[in-house]
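This report concerns only the one structure given below.
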Amino acid sequence: MHVPDGFVSGGVNAITYIISGGVSVFAVREANKKLGDKQVPLLGVVAAFIFAAQMLNFPVAGGTSGHFLGALLAASLLGPWISCLIMTVVLTIQCLLFADGGLTALGTNIFNMGIIGGVLCYYLLVALKSIFPKNKGGYLISVAISSWMSVVLGASACAVELAISGTSPLSIVLPAMASVHVLIGIGEATITTAVVGLVLNTRPDLVGTYSYPDARTFNRMEA
Amino acid sequence: MKHSFLDNYSDISSVIHGLDPKVKIIAFFFLTVVCVSTPPSSYFSFGVYFVVLLGVLLLSRLPFHHVFGRSMVVIPFVLMVAVFIPFLKKDIIGGGYNLGIGGLTVSNSGLMVLWNVVVKSYIGVICMILLSSTVPFPKLLKGFEDLGLPKIFTTIASFMYRYVFIITDEAQRMKRARDSRCFGGKWIWHSKVIGYMIGTLFIRSYERGERVYVAMLSRGFDGDLKGKEGVQRLKPGDYIFLSVLIPIVTGVRLML
């Protein structure tokens, strides 16, 4: 899903660069408000975690595998703006060091994965949470659906951008991208739900979006 | 454990490695942007860009297999999105090629789109590989900072660089432990195991971040990293590099 150089047109690049730039500046401010001077070490280590987690491939079917995106995981644990900031750092470094995703398409990639996958789907999670029963099961179902959506919506946004740029007609690229990512999204949803469930059991204070009374308050002094 | 998956070969010595990081950032970013803005029909321009990049590659003494091996990263995306375009796009004016197999045709405009994306993405990838293989990562960040990138991004990135090896080691140890217990997962519903691994990895990383923060606080951290040296002055070689590369690229772009 990392768009290389040359696939999207100059106009699409410019618009997504402006949006992504503005959102990252806002995200820095929000993260600073929430974390203060804890921001730098914590975000650095969590960004390194996303990097390492993306190296653990999960099996899709037969012998093929996909890798974890992590935007919604970060959003459900740490909130939308911190997630967006972490994804911005991770995507920029993937572009510079691994040539994964083009430099001119970096704005587009941050928009697809950080803003749609992290921020937009965070609000989807908040909306879903209010529909499903207010307990752990309902919460995990909304995490599963919104993480699946984060992959599918990100891929669809990518398809729409390619179509606007005239690279490939929408009627072909949208079904192609969506159908592959519907499958990859299942992996993402399984993993995100398992991770959030595990963190809920061990450090519930780290799951920022879980606010129901049955969350145990974990006191590290007692442990 | 030894990791060199980030800035491999960035510590060898050559003319290109000796240049200032700022100069290399400007040069490769400039080349990428100019290349992407070039109309696909000016074949000569793309030829010149390749020659320029080949020149830099030869001067940098990087092994060819390293650069070409890593440049394969674009292939999945090209395969998924672009390879079918010539068969699908219909020419408005005639001039396609009939392959004569079941009415399969290849259109000129489609081929042009394919050529456009392949050549631009490839040049972009080569630029980024040359940049990351000739500048060690900490110096690259310093270069970006000198060029005016907000400090918060570079400090987060430098912390990431510091811890990515430790956390990757942690992930590799977990993977080894899993494999030695005969995981052998082949299907998507086996992903739950990976989920638990990633969950454990998250908690360990987050707690490491908290410990690092506490350790920093106890050593007087107040939100600002001190001890950064000033902006480095450019050397004559840096000016020569820029004054050769930029006019050639700009000239070729504007003339054709």
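Can you tell me which residue within the stretch B:120-157, out of those that are of a type in the set (Gly, Ala, Ser) and at the interface with chain A (Cβ under 9 Å from one of its Cβ atoms), is nearest to residue B:29 (Cα to Cα)?
The residue in question is B:124.
Looking across the stretch A:117-154, the residues that are of a type outside the set (A, V, I, L, M) and without any contact (Cβ under 8 Å) to a residue 40 or more places away in the chain come down to A:130, A:132, A:133, A:137, A:138, A:142.
Among residues of the stretch B:169-181 that are touching a residue at least 24 places away in the same chain (Cβ under 8 Å), those with a Cβ under 7 angstrom from a residue that is open to solvent by less than 30 Å² (accessible area, probe 1.4 Å) and assigned to a helix (DSSP H, G or I), sequence gap 6+ or separate chain, pair up as B:170/B:201; B:171/A:52; B:171/B:201; B:174/B:197; B:174/B:201.
If I ask for residues that are outside any loop (DSSP other than H, G, I, E, B), of a type in the set (Ser, Thr, Tyr) and either open to solvent by 10 Å² or more (accessible area, probe 1.4 Å) or outside the structural domain of residue B:122 (by TED's automatic domain parsing) (or both), which ones from the stretch B:15-46 would you list? The answer is B:37, B:43. Among the criteria (1) touching an Asp or Glu at 6+ places or on another chain (Cβ under 9 Å); (2) assigned by TED's automatic domain parsing to the domain that holds residue B:36, the one residue B:201 does not fulfil is (2). Of all the numbered requirements in (1) open to solvent by less than 10 Å² (accessible area, probe 1.4 Å); (2) at pLDDT 90 or above; (3) within 8 Å of another protein chain (Cβ to nearest Cβ), residue A:92 misses one, and that requirement is (1). Scanning the stretch B:14-52 for residues that are within 17 Å of residue B:134 (Cα to Cα), among the hydrophobic types (A, V, I, L, M, F, W, C) and either touching a Phe, Trp or Tyr at 6+ places or on another chain (Cβ under 9 Å) or more than 14 Å from chain A (Cβ to nearest Cβ) (or both) gives B:15, B:16, B:19, B:23, B:25, B:27, B:31, B:52.
Please indicate, with yes or no, whether at least one residue in the stretch A:137-160 is open to solvent by 10 Å² or more (accessible area, probe 1.4 Å), more than 22 Å from residue B:202 (Cβ to Cβ) and modelled with pLDDT under 85.
Taking the stretch A:137-160 and keeping what is open to solvent by 10 Å² or more (accessible area, probe 1.4 Å), we get A:137, A:140-141, A:144-145, A:148-149, A:152-153, A:156-157, A:160.
In the following step, the residues that additionally are more than 22 Å from residue B:202 (Cβ to Cβ) were identified as A:152-153, A:156-157, A:160.
Now drop any that are not modelled with pLDDT under 85, which leaves none.
No, that holds for no residue.
Among the residues of the stretch A:168-175, are any among the small types (Gly, Ala, Ser), assigned to a loop (DSSP other than H, G, I, E, B) and crowded, with 18+ Cβ neighbours inside 10 Å? Yes, that holds for at least one residue. Checking each residue in the stretch B:120-144 for being of a type in the set (D, E, K, R) and surrounded by fewer than 19 Cβ atoms within 10 Å (Cβ to Cβ) picks out only B:139.
Give A:25, A:8, A:12, A:40 a once-over and let me know the one that is under 17 Å from residue B:36 (Cβ atoms) and within 11 Å of another protein chain (Cβ to nearest Cβ).
When all the criteria are applied, what remains is A:8.
Candidates are the residues of the stretch B:158-172 that are more than 7 Å from every other protein chain (Cβ to nearest Cβ) and hydrophobic (A, V, I, L, M, F, W, C); the one that is nearest to the chain's Cα centre (by Cα) is B:165.
The values are calculated or read from the model by the stated rules, or taken from the named source; none is laboratory data. Only a predicted model underlies this, so the values are computations on that prediction, with no experimental measurement involved. Ideal geometry is used to build each Cβ from the backbone, glycine not excepted, and the neighbour counts take in all protein chains shown. For accessibility, only protein heavy atoms count, side chains too; no ligands or nucleic acids. Shrake-Rupley method; radii C 1.70, N 1.55, O 1.52, S 1.80 Å.
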